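See structure below.
Nothing in this text is a laboratory measurement; each read-out follows from the coordinates by a stated rule. Computed from a predicted model, the values in this text were never measured in an experiment. Reconstructed Cβ throughout: ideal geometry from the backbone, glycine too, with neighbour counts over all protein chains shown.
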2 protein chains.
Amino acid sequence: MPLPTPAESLRLACRTNTHTTSTSLLTPTIQANLLVLPSRHAASFRALCARNPVSCPLLWTTPPGAPTTPLAPTADLRTDLPKYNIYLDGILQTPEGVLDIKNEWSPDHVGFLIGCSFSFETALERAGLPPRHTLCTPPRTVPMFRTTVPLCPAGVFTGGVMVVSMRSYPPGRVEEVRDITRRFGRQHGEPVAWGWEGAETLGVAEKMREGRVDFGEWVEVGEGEVPVFWGCGVTPQVAVMESGIGGVVLSHFPGCMFVSDVLAEDEAELESVVKALDVVEEVGSGGAD
Amino acid sequence: MPLPTPAESLRLACRTNTHTTSTSLLTPTIQANLLVLPSRHAASFRALCARNPVSCPLLWTTPPGAPTTPLAPTADLRTDLPKYNIYLDGILQTPEGVLDIKNEWSPDHVGFLIGCSFSFETALERAGLPPRHTLCTPPRTVPMFRTTVPLCPAGVFTGGVMVVSMRSYPPGRVEEVRDITRRFGRQHGEPVAWGWEGAETLGVAEKMREGRVDFGEWVEVGEGEVPVFWGCGVTPQVAVMESGIGGVVLSHFPGCMFVSDVLAEDEAELESVVKALDVVEEVGSGGAD
C-alpha cells in the first residue's frame, strides 16, 4: 500500500479531529472554499459563478446529497475539513465552528468548491515575491475588502459586491506579479486592480488609508510599494449570506479550507476536472430559480 | 439544390454589396459583434472575455488569417457583413464604414465573434414585452451607457469599464424580464441591474436623468416604468480602442452585425459550437501577452 500523500494525511487528520485549525501552506495542492446550499438555489449559484468567474471560480458542484469530488476521490466533504460553519436563515449558528457537518448535509444539499488564492501565493513566494502577510510574525491572514464593484446578479443572488484580497509590491514588479498569477485562472488569476488609483476604482482607498479591513487582518503597504488587489473567494459567501435565502447553509470555517489532491501548479489537471463538471451540468441543467 | 435560408441570402447580399445597412430584425438567427486583432493580442483578448463573460461573451475565435466560423460554415467574415470599421493605432480611419476588409485582414489577424442582445429582444417581443426603442417611429438604436463598473483587466487590456444597454419595464414585470433573458447566457443573459437604485449602482443615474447616452439613441423611460440594464457588446470594442494597442484593428460597423446560421433560441447548438472552440483553444493555448 503506498504511503498517503500530505493531502491525504491532512484530510485523515481532519476526519479524526486531530487537525482542527488553518490549512494554510500545509499542502502543495489546490485548496478550495466550500459552500453547501439547498438544491433549489443550486442553479442560481452556478449562474452567479459563471457570471462572476474572477471572484467566484467554480471548481466543482456535487449532486444533491453526495459529498464527494474528483478533485480528491477519497475525500468526504462532510468530515475532511478542519472546521465548518453552519448558518440558519442567513444567521451564523456556530461562531466557534463545528468539527463535521454529517448531520446537517441533507440529501437535498448541494456542495460547491470554489478556487482560492493559495496556489498563486506559493508561486509568488517561489518567484521571490512573498506576500507581506506571510512574512509577519506570526503570519497574518491576507487583508480583504468589500469593494463598491457590483457582482452581475444571478437568480436569487442579487445585490452582491466583489470582495478583494490585497498584497503590496513595488510598482516596478506589478507586471511580473500579473504574469505569475495570470496562469492560475481558476484561482482568481491576475489582479483586478493595482496602485492607489486602482484602490479608488474599487472604492477601497479610504479603508486602505485607515488600515480598516472587512475580513482578515490589516497589513501595511510596504515602503515604496503599491497595493495590488485580487478577486477573493469570500465574495460568493457574502453574496449568499446577504441574499436572504432561507434554510440551512454550510461552509468551511475561515482559513480551514478543503484540501484537494490536484497539485497547485497543475492547471491542466484542474481544467480536465472542471470540464467533467461541464458535462455533468449539461445532463442535469435546469433553469435558475 | 435547397433554397438559401434568410441568413444565407442576407450574407450573399452583403457580399455583393446589395445590402449595406443594419441587420436589425432581418434574421431569426444569432447575430454577433466582430472584432479582428493582431494575433499578438489574441491571448489577452480571450482572457478579457473569459474574465468578463457577461459583457464580453465570446462565441468564436478564428485561427490567424482564417476568416471563417462554424456558426455559419459558408460565411466569409471579410465580406459577408454589410459594413466594417477600420482602426489604425486606435484611431477610426473610416467614419462612413467600408464594404469589405479583404485587404486589411492579414494572415496575422485573428477574428472574434461576441454575442449581442438581438436574440433576447425577439424573445421579449414574443412575450409581449417589446423594448420601447423598437416601438419608436422610426425605430431607434437601444440607449447605451458607459458605467463606472471596472472590467476585470486581462493582459494588455486594462482600464476598461462595462457598457450597458437600457430598456424600461414596469417594476412588476422585471422578474419576468429577468427570467426570459436569463436563458440567453451567451448573449448577455439576465440584466446586470434594474430600477433607479440599479442606475446609481452602475454610475449612470445622472446621465439617465439628463437623457444623455454614450452610444445609441436616447429613449424615455416609460410612464410607471423603471430602467433595466444589460451587459453590452460595445464593452470589448471600447476596451480594445482605449487600450492603446497599436496596429490595424477591424470591426463590424455599428448595427451591421455578423449574421450566423444558428437559430437565436437554440442555445444548445450555440453551446456545442462554443465547446468546439474550447477544444481549439486547448490545442493552441499560450500565455497572454
Review point. Order of B:SER24, A:SER119 from fewest to most other C-beta atoms within 10 Å?
Key: B:SER24, A:SER119
Review point. Label-to-label distances across copies for A:CYS136, with labels 7 Å out along Cα→Cβ, in nm, shortest first?
Key: 5.4
Exercise for review: Tabulate in residue order the Karplus-calculated ³J(HN,Hα) for the stretch A:69-76, using 6.51 cos²θ - 1.76 cosθ + 1.60 with θ = phi - 60°, rounded to whole Hz; enter x for Gly and Pro.
Suggested key: 7, x, 5, 6, x, 8, 7, 10
Practice item. Note down, for the stretch B:1-113, the three equivalent ellipsoid semi-axes (square root of 5 times each alpha carbon gyration tensor eigenvalue), biggest first, whole angstrom. Key: 24, 17, 14
**Study point:** Amide H contacts under 5 Å for B:ASP261, placed H, 5+ residues apart
**Key:** B:ALA72
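Take the Cα radius of gyration of chain B and divide it by 2.2 N^0.38 Å, with N its residue count; two decimals is plenty.
0.96
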Check your understanding: What are the nm distances, shortest first, from A:ASP89 to its equivalents in the other copies, labels at 7 Å along Cα→Cβ?
Key -> 6.5
Review point. In the stretch A:10-61, how does Rg compare with the Kirkwood Rh, expressed as the Rg/Rh ratio over alpha carbon atoms?
Key: 1.08
Exercise for review: Mind listing the long-range amide H neighbours of A:LYS83? Cut-off is under 5 Å, sequence gap 5 or more, other chains count too, H placed in the peptide plane at 1.01 Å from N.
Suggested key: A:PHE253
Study note, to complete from the structure: Of all stretches in chain A that avoid GluC sites (Glu not before Pro) placed in a DSSP loop and having at most 12 other Cβ atoms within 10 Å, the longest is A:97-219
Exercise for review: Excluding B:THR141 itself, calculate the net charge of residues whose Cβ lies under 14 Å from the Cβ of B:THR141, where each Lys or Arg counts +1 and each Asp or Glu counts -1.
Suggested key: 0
Exercise for review: Would you mind calculating the gained length between A:ARG212 and A:GLU197 on full extension (0.36 nm times residue separation, minus the Cα-Cα distance), in nm to one decimal?
Suggested key: 3.6 nm
Practice item. Work through the residues other than A:VAL249 whose Cβ is under 10 Å from its Cβ and net out their charges, Lys, Arg +1 and Asp, Glu -1. Key: -2
Review point. Using all Cα-Cα distances in the stretch A:118-235, what percent lands in each 10 angstrom bin from 0 up to the longest?
Key: 14, 48, 32, 6, 0
Review point. Hey, what did the stretch B:6-136 get for relative contact order, percent, Cα under 8 Å, at least 6 apart?
Key: 34
Point to revise | Nearest-0.05 FRET efficiency for A:THR68 and B:LYS275, computed from C-beta distance (R0 30 Å) | key: 0.75
Check your understanding: What list of ³J(HN,Hα) couplings, whole Hz, do you get for the stretch B:81-97 from phi and the Karplus terms 6.51, -1.76, 1.60, once you set θ to phi - 60° and write x for glycine and proline?
Key -> 9, x, 8, 10, 10, 10, 10, 10, 6, x, 9, 5, 9, 9, x, 8, x
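For the residues A:PHE215, A:PHE258, what sequence is obtained by ranking on other C-beta atoms within 10 Å, fewest first?
Details: A:PHE215 17, A:PHE258 27.
With the sparsest Cβ surroundings first, the list reads A:PHE215, A:PHE258.
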Exercise for review: Could you tell me the distance between the Cα centroids of the stretch A:247-277 and the stretch A:136-164, to the nearest Å?
Suggested key: 19
**Study point:** Debye intensity ratio I(q)/I(0), log10, the stretch B:146-211, q values 0.22, 0.25, 0.27 Å⁻¹ (C-alpha model)
**Key:** -1.03, -1.16, -1.21
Check your understanding: Which helices, taking whole DSSP H runs in chain B, have alpha carbons extending 20 angstrom or more along the helix axis plus mean Kyte-Doolittle at least 0.0?
Key -> B:267-284
Study note, to complete from the structure: Here FRET efficiency (C-beta to C-beta, A:ASN103 to A:THR5, R₀ 41 Å, nearest 0.05) is 0.90
Revision key, fill the gap. quick shape note, the protein assembly as shown: Cα extents on principal axes in Å, largest first -> 76, 53, 50
Review point. So, in Å, what gap is there between the alpha-carbon centers of the stretch B:37-64 and the stretch B:81-112?
Key: 17
Review point. Where the label is 7 Å out from Cα toward Cβ, how close does A:GLU210 come to the same position in every other copy, in nm, shortest first?
Key: 3.1
Point to revise | Added length on full extension, which subtracts the Cα-Cα distance from 0.36 nm per residue, B:LEU92 to B:ALA268 | key: 59.7 nm
Study note, to complete from the structure: Going from the fewest other Cβ atoms within 10 Å to the most, one would list A:MET208, A:MET162 as A:MET208, A:MET162
Study note, to complete from the structure: Dividing the alpha-carbon radius of gyration of the stretch A:51-120 by 2.2 N^0.38 Å, where N counts its residues, gives 1.19
Revision key, fill the gap. Taking chain B and a Cβ-Cβ threshold of 4.7 Å, the cysteines left without a partner are B:CYS14, B:CYS116, B:CYS136, B:CYS152, B:CYS232, B:CYS256
